[in-house]
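Visitor: Dropping the structure in here first, questions after.
The values are calculated or read from the model by the stated rules, or taken from the named source; none is laboratory data. The structure presented is a predicted model; accordingly, all values stated were derived computationally and were not measured. Cβ: placed from backbone, ideal geometry, glycine included. Neighbour counts: every protein chain shown.
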Amino acid sequence: MRYAVTGAAGFVGSHLADGLEAAGHEVVAIDCFTDYYDPALKDENARGREVHRLDLADAELDFAGLDGVFHLAGQPGVRSFGDVFPLYVRRNLVASQRVFEAAAAVGIRVVFASSSSVYGDAEAYPTPETSELRPLAPYGITKLGCEHLARAYGRDFGLDAIVLRYFTVYGPRQRPDMFFARVVKALAEGGSFEIYGDGTQSRSFTYVADVVAATIAAMERAPAGGLYNVGGGEEASMREAIATLERLAGRSLDVSYGPRAAGDIPRTRADTSRIRAELGWEPLTSLEEGLRAHWDWARARLAAR
Ligand code: UGA
């Protein structure tokens, strides 16, 4: 098959492009190399793959000749209040609306990467897809807006969109602003680490290879209109996660505690029964195994510098 991957030079997108190519598919890689974090890291992620530098919010999009689009590009990061909001509107809502139009025009499936952030302070744990949606950060609000756009394009323009709600993805190449990336960097290079809040907030951390498997399964075999949580099996608090990494690294981390981040969610825990039943997917990587892979990758990368 010939698939487009948007956000192909990002953390999850670059792993997805690798996974698709390893399975024998052709990948049309798209990314606009925003400067939300150092674009040199995106060059590193792309590792020589040709990436079309397109800004989805205003480039002409023609998906003719493709069998599907994996739409992972977006403005990430739940800390999204203030002057940065227009970036979230442009890179999530405007970009996705244009991807959905272009995919509907040629009748191909879109797998859209949404977020656990759409649940906000969830009404139930584990959280099923049917829970009330009440995002607490502008980021999650724009992701939820994209989900609604996908549905509206489905109803009136025949768009075949599958929505995946990823839960805090981690592993090699994780975005440098994210929790594990920062903890691993501080452990490897020395230096202190600030926890936003008291560290009791917890997440259904999801290993990136498991996310790639769910994403490809969604393109290949999800029924039309499918919407799924993609979450790891184990929930851990930030304090527990740091303890695991300290053990793997054989070092202790100099931790300080700062104010809770605005829009931060106290807890996520994915109910993955729907994706298990309909796509036969389940997370295969334990937090310990995943963190070991993340740590080994970070150490090898530092050693190679
Ligand atoms: C992550 C991603 O950043 C979002 O893009 C994604 O949409 C979301 O997962 C998701 O599940 O959909 P988050 O769960 O907040 O958001 O992940 P991290 O950025 O890794 O933060 C995890 C926790 O660590 C948060 O409570 C955060 O406040 C905390 N944190 C983060 C710190 O205490 N210190 C830091 O330096 C960074």
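Visitor: Given the options Asp271, Asp296, name the one that is away from the ligand (no atom under 12 Å from the Cβ), exposed (fewer than 15 other Cβ atoms within 10 Å of the Cβ) and at pLDDT 95 or above.
Guide: Testing whether each residue is away from the ligand (no atom under 12 Å from the Cβ), exposed (fewer than 15 other Cβ atoms within 10 Å of the Cβ) and at pLDDT 95 or above leaves just Asp296.
Visitor: Exactly one of (1) polar (S, T, N, Q); (2) near the ligand (Cβ under 8 Å from one of its atoms); (3) more than 16 Å from Ala270 (Cβ to Cβ) is unmet by Thr168. Its number?
Guide: (3)
Visitor: Go through the range 177-213 and report how many residues are in a strand (DSSP E or B) and more than 10 Å from the ligand (Cβ to nearest atom).
Guide: Final tally of qualifying residues: 2.
Visitor: Continuing with this model, one more query. From the list Val212, Val230, Val255, which one is in contact with a His (Cβ under 7 Å, 6 or more places away or on another chain) and within 30 Å of Ser80 (Cα to Cα)?
Guide: Val212
Visitor: For the subset of the range 140-165 comprising residues that are outside any helix (DSSP H, G or I) and more than 12 Å from the ligand (Cβ to nearest atom), which member is surrounded by the most Cβ atoms within 10 Å (Cβ to Cβ)?
Guide: Restricting to residues being outside any helix (DSSP H, G or I) and more than 12 Å from the ligand (Cβ to nearest atom), the top hit is Ala161.
Visitor: Looking at (1) away from the ligand (no atom under 16 Å from the Cβ); (2) closer than 25 Å to Ala270 by Cβ; (3) in contact (Cβ under 8 Å) with a residue 40 or more places away in the chain; (4) surrounded by fewer than 24 Cβ atoms within 10 Å (Cβ to Cβ), can you tell me which one Leu93 breaks?
Guide: (1)
Visitor: Continuing with the same structure: Within the set of pairs 6+ apart or on separate chains, which have a first residue in the range 182-195 that is free of Cβ contacts under 8 Å to residues at least 24 places away in the same chain and within 16 Å of Ala241 (Cα to Cα), a second that is among the polar types (S, T, N, Q) and away from the ligand (no atom under 11 Å from the Cβ), and C-beta atoms under 8 Å apart?
Guide: none
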